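To start, the structure under review is shown below, and the notes come after it.
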Amino acid sequence: MYGRGLLGTVELTVYASLLALALGFVMASFRVAPVGSLRAFGTVWVAVLRNTPLTLLFFAVLLGLPRFGLVLPFQLFAVLALGCYTSAFICEAVRSGINTVPVGQGEAARSLGMTFGQTLGGVVLPQAFRSVIPPIGSPP
């Protein structure tokens, strides 16, 4: 019984972490995007999820989503709740790492004709990665 519990915890941790990393990077790119509506969406995402207790988020996902016709296994609900909650913290860590990259790097990429996505993915994020690892590695 303990082995199944350990395995379930490890699975939940791995899946929620992968979801949180993916959503965190997407939301961080939204937070630094030149489009105002994307910035606003990213800001609201972070503000709501960081200021909502995790227990309340679990109740909202577990009891709220089935009312809208979305019935999933409990473990998937748990992955969604944990992944979304943690993505807000990862978003802020990645955004702060992006802000450590000198502005001239982005300007140089734009002067070469790169799009925002190319600048972020090819120039800024690789440089920001070094300063993002410590805050992501520490628990929230």
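The values are calculated or read from the model by the stated rules, or taken from the named source; none is laboratory data. Only a predicted model underlies this, so the values are computations on that prediction, with no experimental measurement involved. What goes into the accessible areas is simple: the full protein's heavy atoms, side chains included, and nothing from ligands, DNA or RNA. Shrake-Rupley method; radii C 1.70, N 1.55, O 1.52, S 1.80 Å.
When the helices in the chain are scored as -39500 (n - 2.57) per DSSP H run of 4 or longer and the sum is shared across all residues, what 222 nm value do you end up with, to the nearest 500 deg cm²/dmol? Numbers along the way, then the final one.
Working: 7 runs with 104 residues, N = 140.
Taking each H run of at least 4 residues, the total per residue is -24500 deg cm²/dmol.
Using bins of 10 Å that start at zero, the share of Cα-Cα pairs per bin across region 95-140 amounts to 29, 48, 19, 5, in whole %. Surface composition of the chain: carbon and sulfur atoms hold 70% of the protein heavy-atom accessible area at a 1.4 Å probe. Note on region 24-140: Kirkwood radius taken over Cα pairs, Stokes-Einstein applied at 4 °C and 1.567 mPa s, translational D equal to 83 µm² s⁻¹.
Summed over the residues of the chain and divided among them, the accessible surface reaches 62 Å² per residue at a probe radius of 1.4 Å.
May I ask you to work out the translational diffusion coefficient for region 1-65 at 25 °C, viscosity 0.890 mPa s, via Stokes-Einstein with Rh from the Kirkwood sum over Cα pairs, reported in whole µm²/s? Numbers along the way, then the final one.
Working: Rh = 13.9 Å.
In µm²/s, the coefficient is 177.
Here the relative contact order of the chain, from alpha carbon pairs under 8 Å that lie six or more residues apart, stands at 30 percent.
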